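All remarks here apply to the structure that follows.
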Amino acid sequence: MDKKNNVIDLGERGKYNLRNKLNQLTGKEWIKFTKSWFIHSPRQRNKEEILHPAKYPESLVEEFISFFTKENELVFDPFLGTGSTLLAAGSLNRNAIGVELSDKYFKISKSRIKKNIFINDIKAIKGNSSKLVELFAKNKIDRKIDYTVTSPPYWNQLERNSLRQKKRNDEGLDTKYSKAKDDIGNINDYEKFIEAQAKIFDQVFDLTKDKGYLTIITNNIFYNGRIFPLAYDTAISLTKRGEKSWILKDEKIWLQNDKPLIALGVNSAWVGNRHHQYCLIFRKEL
Ligand SMILES: C[S@@+](CC[C@H](N)C(=O)[O-])C[C@H]1O[C@@H](n2cnc3c(N)ncnc32)[C@H](O)[C@@H]1O
């Protein structure tokens, strides 16, 4: 250890500065992650994971958690799905809480957690994230969230009959999360969806420590011959919430290089093959 400069040499990994306020990465690792895009190809999903229409890869969440937290801090996901965030956080020795509305996905997340041994507290809660503050109080959680990473429903995208949806339908797999009225993926009006989503992140804001970060993984949506800029509107909406406004820090693009190209609009008109998603990075700054 170089005492004068507070630096520990970790060999190949690079040098770790003991004054690092945010994470346990070396300078070399820190810089690598600040590149504005990365490629993640999810591993083959197992039988229970494939039931969920939109699971994200643990490797992707692990990278975010490693950047935005230190060991033993608290990670949160208000749209837990199959529990990927909890598994990633647990494997990195972070504490984690996730909320999921659907009983079916909640049970999948519980079963996935059970198959691991974690040294920290990993907790899945079945509930409605539109009532997050109440839910935290009911579960006696008074610790502040250090970092939230999540992927909300992409508006009511799963309702629509895209080619990919048709294939899942034919295979007998879920093409929507649930029929529940509290499932924000069932809000058909686009503006109302944006508002309902923002209201959930207002509550995440209240439950997060000052200077805590939030990453939202979402996308723009092609529907009815036009793009609904869901990722951009998500970014903008969260920054215009009065005293609960998040500061938008950046976007990081998740490139999906493993998705097959589909013949869309060929010989007729532009329809893109969307093989990327937006990871929006916000911070609470009082
Ligand atoms: C895109 S998925 C999350 C997938 C997750 N990242 C994973 O890897 O499995 C969105 C999830 O939000 C859940 N959801 C929708 N509305 C909700 C609400 N009001 N409260 C809590 N969960 C909700 C859906 O049931 C769905 O599982």
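Among the helices (runs of 4 or more DSSP H) confined wholly to segment 151-258, which include 3 or more residues that are closer than 19 Å to residue 76 by Cα, within 16 Å of the ligand (Cβ to nearest atom) and aliphatic (A, V, I, L, M)?
Filter on segment 151-258 gives 190-207.
Just checking, does segment 150-167 include any residue being more than 28 Å from residue 42 (Cα to Cα) and assigned by TED's automatic domain parsing to the domain that holds residue 108?
Scanning segment 150-167, I find no residue that is more than 28 Å from residue 42 (Cα to Cα) and assigned by TED's automatic domain parsing to the domain that holds residue 108, so the answer is no.
Hey, among the residues in segment 30-61 that are of a type in the set (Gly, Ala, Ser) and out of contact with any Asp or Glu (no Cβ under 9 Å at 6 or more places or on another chain), which one's modelled with the highest pLDDT?
Out of the qualifying residues, it is 59.
Of all residues in segment 189-223, which are among the hydroxyl-bearing types (Ser, Thr, Tyr), over 14 Å from the mean Cα position of the chain (by Cα) and under 30 Å from residue 269 (Cα atoms)?
Those that are among the hydroxyl-bearing types (Ser, Thr, Tyr), over 14 Å from the mean Cα position of the chain (by Cα) and under 30 Å from residue 269 (Cα atoms): 190, 223.
Listed here are the residues, each with its yes/no results for (1) modelled with pLDDT of 95 or more; (2) of a type in the set (D, E, K, R).
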| position | (1), (2) |
| --- | --- |
| 191 | yes, yes |
| 194 | yes, no |
| 230 | yes, no |
| 250 | yes, yes |
| 257 | no, no |
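Condition (residue is without any contact (Cβ under 8 Å) to a residue 40 or more places away in the chain, assigned by TED's automatic domain parsing to the domain that holds residue 217 and not β-branched (Val, Ile, Thr)) applied to segment 61-69: is it met by at least one residue?
yes
Does segment 63-84 include one or more residues that are more than 14 Å from the ligand (Cβ to nearest atom), over 13 Å from the mean Cα position of the chain (by Cα) and β-branched (Val, Ile, Thr)?
Yes - at least one qualifying residue is present in segment 63-84.
Looking only at residues that are at negative phi, charged (D, E, K, R) and modelled with pLDDT of 95 or more in segment 135-188, which one is surrounded by the fewest Cβ atoms within 10 Å (Cβ to Cβ)?
142
Do you know which residues across segment 97-123 are crowded, with 22+ Cβ neighbours inside 10 Å, assigned to a strand (DSSP E or B) and either within 12 Å of the ligand (Cβ to nearest atom) or basic (Lys, Arg) (or both)?
Correct list: 98, 99, 100.
Quick check on segment 8-29. Is at least one of its residues at pLDDT below 95 and of a type outside the set (S, T, N, Q)?
Scanning segment 8-29 turns up no residue that is at pLDDT below 95 and of a type outside the set (S, T, N, Q).
The values are calculated or read from the model by the stated rules, or taken from the named source; none is laboratory data. In this text the structure is predicted, and so the values were computed from the model without any measurement. Counting neighbours? That spans all protein chains shown, and the Cβs are built from the backbone with ideal geometry, glycine included.
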